[in-house]
Amino acid sequence: MLRQRTTTPLLPLACALSFALAMALGSCAAHGTSPPRDEQPRTIAVRSYPAETADTSPPGPPLDGMTNAVVDATVRPANLVVTMWGTPGCMPYPVEVGWLNDTTVDVTTARADDDACSTEHLAVSQVVVLPVEHPADGVRTVRVDGATVAFAFRSDR
């Protein structure tokens, strides 16, 4: 019986301490003291390479500030090769690809937040996998960040 009397008053104290600890941890989380989340969207490119070594069509890198694309239906699922100008460390990169309709592919890009941006402009090709909702041979328009870009179609036919 003596044991019951000594532990019974401790139960409310333990509950109160647990509640206070939970409130303190919740308050820290609400005030942003937890580690910062990575807000930078991730690229969906499965591969990238300098455009000078790429077999691009239309030939050559895009004009400064412009983008071009090649739909490659020789592979399954089809790939979209987006070639654009940018500076190392600040090159736009694809973060989302989808179909606007049966004939239009839409690509959204993001820019890297790197303080070490170069002043040199380079053409870089980035490869993304096209979603399979529509046949790739039906592509008639490619849009990158809302702008229609020049594109070519590559197939094994």
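Every number in this text was worked out from the coordinates using simple rules, so none of it is lab data. This one's a predicted model, so the numbers in the text were calculated from it and none came from an experiment. With ideal geometry, Cβ positions are generated from the backbone for all residues, glycine too; neighbour counts draw on all protein chains shown.
So for each of 72-85, 95-108 I average, over its residues, the number of other beta carbons within 10 Å; can you give me the resulting order with the highest mean first?
Averaged packing, sorted descending, gives the order 72-85, 95-108.
Taking the simple approach of a point 7 Å from Cα along Cα-to-Cβ for both residue 46 and residue 137, what is their distance in nm?
2.0 nm
Which ³J(HN,Hα) values in Hz, rounded to whole numbers, follow from the phi angles of region 151-156 under the Karplus curve 6.51 cos²θ - 1.76 cosθ + 1.60, where θ = phi - 60° and Gly and Pro get x?
Each residue's phi maps through the Karplus curve to give 9, 10, 10, 10, 9, 8 Hz.
Region 65-98 to region 115-157: how many Å between their Cα centroids?
4 Å
Please list the non-local residues whose amide H lies under 5 Å from the amide H of residue 152, H modeled 1.01 Å from N, same-chain partners needing a gap of 5 or more.
It is 69, 70, 71, by chain and number.
Quote the FRET efficiency, to the nearest 0.05, computed for residue 75 versus residue 108 with a Förster distance R0 of 35 Å and r equal to the Cβ-Cβ distance.
Taking R0 as 35 Å, the efficiency between residue 75 and residue 108 is 0.95.
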